[in-house]
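Below you'll find the structure I mean.
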Amino acid sequence: MKDNSFDIQELLKIGIRAKKDLDIVPVYFAKVFNSDDGKKVLGYLISMTMNRCLPPTSTDAELRFLEGERFIVSFIQNMIKKGIENHS
């Protein structure tokens, strides 16, 4: 059985150090989120953020928090799209 664990030291070594490194990041997003499991995770994130409505009684802080969550999910979707375009 393949070990799918992450070595934190290796991840820290990768680091983004140059503009050329930034170009490959969307490809990583596309690879991760285009897998079957990645699509399930993204679907869950979308259902918890984009497809969620708060009641009129929500506080300003609750609304701002949800918008922050939506921003992150939108960011992930945009990175996936760029990664697919760059990898083709």
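Bear in mind these aren't lab numbers, they're just calculated from the coordinates by the rules spelled out. Remember, predicted model here, so these are calculated numbers, not experimental data. Neighbour counts are summed over all protein chains in view; Cβ atoms, including those assigned to glycine, are modelled from backbone coordinates with ideal geometry.
Can you pull out every residue in region 43-52 that is surrounded by 13 or more Cβ atoms within 10 Å (Cβ to Cβ) and small (Gly, Ala, Ser)?
Listed by number, the list is empty, since nothing qualifies.
Could you please find all residues in region 78-88 being of a type outside the set (Val, Ile, Thr) and closer than 11 Å to Asn34 by Cα?
Filtering region 78-88 for residues of a type outside the set (Val, Ile, Thr) gives 78-79, 81-83, 85-88.
Lys81, Gly83 - these are the residues of region 78-88 that are of a type outside the set (Val, Ile, Thr) and closer than 11 Å to Asn34 by Cα.
Separate question: How about region 59-88: which of its residues are farther than 25 Å from Val25 by Cβ and out of contact with any Leu (no Cβ under 8 Å at 6 or more places or on another chain)? Working first, answer last.
Applying the first criterion (farther than 25 Å from Val25 by Cβ) to region 59-88 yields 59-66.
Thr59, Asp60, Ala61, Arg64, Phe65, listed by residue number.
Filter region 53-82 down to residues that are assigned to a loop (DSSP other than H, G, I, E, B), surrounded by 10 or more Cβ atoms within 10 Å (Cβ to Cβ) and out of contact with any helix residue (DSSP H, G or I) (no Cβ under 7 Å at 6 or more places or on another chain), then give me how many there are.
Matching residues across region 53-82 total 1.
Can you pull out every residue in region 38-52 that is assigned to a loop (DSSP other than H, G, I, E, B) and out of contact with any Leu (no Cβ under 8 Å at 6 or more places or on another chain)?
Met50, Asn51 - these are the residues of region 38-52 that are assigned to a loop (DSSP other than H, G, I, E, B) and out of contact with any Leu (no Cβ under 8 Å at 6 or more places or on another chain).
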